[in-house]
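The block underneath contains the structure these notes are about, expressed in structure tokens.
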């Protein structure tokens, strides 16, 4: 059903065919569906195909057999065989895949996505690239998948009807799921921040990052050292700096799209990673994950922002490994709050028009709407056809590269004054010490207090331990063990003025040892 265009003349022939056979007021709508994409077109025509560069396909039951196989695949796997848009037209990113399926690719997809062995066997006979090799409709209906065992004619007929009713419910449910997904797309602009939080918790970080990763993974890349502008050492106009920052965020999000395109096409990534002019550096700022703001140090001598040399051999390695974190960093920024934070750092609030600041904040938010969830699962899907490795291996390699980067550029593990705490849902968060202190005040009653309350109730009742008290004892022991482990693992040596080491007794409260 697909034809690959050989030259521009064939493209022109197709365009001329539809212009001649379609009325002017419907041409745009029709052309949007039939125009070639990625050098492929569908062998469709209007009235006569004599002027087209391909021979039309004769309709046959084999086409219906394939369509039924595609429908079964979506019902059992929950995903489309080839991604489509809101109008059920094949997405541009999937047209080449749809036109170049091989039986081996289809078999691999069925093995990975369909767990029902009987349904998988039937689909393997339906989804065959060569139409002449597909089973007939009669053979399909004779497949064991459709066999219903019964003791008598009436009972068998009833079971058959029930089976068909169940199949109808599955089909209807599938359409409802698709409609629900369309509703989610419509509401995406209202739920962006919630989606980012969910993606960061469920897809990017998870339990592993909350318990094992001892360094921040939320940061943003910018082309300026804002500490120079803060100190008055930058000759650039502050408003120009802010405009360049907002436009750079859009450029960084576009870099993510270009990077994924290069991965899909198995091409070199150097061009996709080009964000600034030759030899110009980039600067890495950590993000306060509670407030969604980049951290610009105010004290001299800080390691941050970390300067990244774009001409170094390690640039492509770091950017490739950290790309999911980089794209999540761009999505975490809060538009108006980010601009206000940068204005405060630059000390130019009275001199800038509030309308200009609002415009810059909207520019950041509009740029974020063009981005998509970018995580290790998405990256794994892109590389699976090039002999990819498991997702956890890709994530592990990225974390090791990020750890190497921080060990090299922040030996003191200062992390721009951020420390790790946790949210009520168990998600690890990096934020300032002041924010951690306020979060601690808002936390629920400690297990020690709960244990005391349970003990008082037990004494009043005059009996032995209750189940609740036993659990409180276990939780208290667990908390004590956690505190001992945290002191050893999480609290780095603190330096007093003139480079002296702070003793354990002089250490401040451990706000970083929450996890």
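List of remarks:
- Among residues of region 291-309 being part of a loop (DSSP other than H, G, I, E, B) and within 25 Å of the chain's Cα centre (by Cα), the one that is nearest to residue 242 (Cα to Cα) is 295.
- Pairs with Cβ under 6 Å, 6+ apart, first in region 168-181 and on the phi < 0 side of the Ramachandran plot and outside the structural domain of residue 74 (by the TED database), second surrounded by 10 or more Cβ atoms within 10 Å (Cβ to Cβ) and in a helix (DSSP H, G or I): 170/75; 174/75
- Residue selected from region 294-305 under the condition surrounded by fewer than 20 Cβ atoms within 10 Å (Cβ to Cβ) and touching a helix residue (DSSP H, G or I) at 6+ places or on another chain (Cβ under 9 Å), by the criterion farthest from residue 429 (Cα to Cα): 300
- Residue in region 3-24 that is under 26 Å from residue 133 (Cβ atoms), modelled with pLDDT under 80 and surrounded by 15 or more Cβ atoms within 10 Å (Cβ to Cβ) present: yes
- Meets criteria (at positive phi and out of contact with any strand residue (DSSP E or B) (no Cβ under 7 Å at 6 or more places or on another chain)) for residue 301: yes
- If the condition is being farther than 15 Å from residue 121 by Cα and either surrounded by 15 or more Cβ atoms within 10 Å (Cβ to Cβ) or within 22 Å of the chain's Cα centre (by Cα) (or both), then region 76-92 contributes 78, 79, 80, 81, 82, 83, 84, 85, 86, 90, 91, 92.
- Verdict on residue 79 being in a helix (DSSP H, G or I) and in the same structural domain as residue 95 (by the TED database): no
- Odd one out for residue 144 among (1) free of Cβ contacts under 8 Å to residues at least 60 places away in the same chain; (2) within 31 Å of the chain's Cα centre (by Cα); (3) loosely packed, with under 11 Cβ neighbours inside 10 Å: (2)
- From the options 256, 252, residue that is closer than 30 Å to residue 395 by Cβ, at pLDDT 80 or above, in contact with a strand residue (DSSP E or B) (Cβ under 9 Å, 6 or more places away or on another chain) and assigned to a helix (DSSP H, G or I): 252
- Elements of type helices (runs of 4 or more DSSP H) contained in region 366-456, each with 2 or more residues being over 30 Å from residue 184 (Cα atoms), at pLDDT 60 or above and touching a strand residue (DSSP E or B) at 6+ places or on another chain (Cβ under 9 Å): 391-409, 433-441
Rundown of residues vs (1) without any contact (Cβ under 8 Å) to a residue 24 or more places away in the chain; (2) in a strand (DSSP E or B); (3) surrounded by fewer than 16 Cβ atoms within 10 Å (Cβ to Cβ), yes/no style:
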position	(1), (2), (3)
41	no, yes, no
52	no, no, no
65	no, no, no
73	no, no, no
94	yes, no, no
101	no, no, no
111	yes, no, yes
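- Cross-chain or 6+ apart pairs with Cβ under 8 Å, region 220-239 first and in the same structural domain as residue 325 (by the TED database) and closer than 13 Å to residue 299 by Cα, then at pLDDT 70 or above and part of a strand (DSSP E or B): 226/283; 226/285
The values are calculated or read from the model by the stated rules, or taken from the named source; none is laboratory data. Quick caveat: nothing in here was measured; it's all calculated off a predicted structure. Quick reminder, even Gly has a Cβ in these numbers, built from the backbone with ideal geometry, and neighbours come from all protein chains shown.
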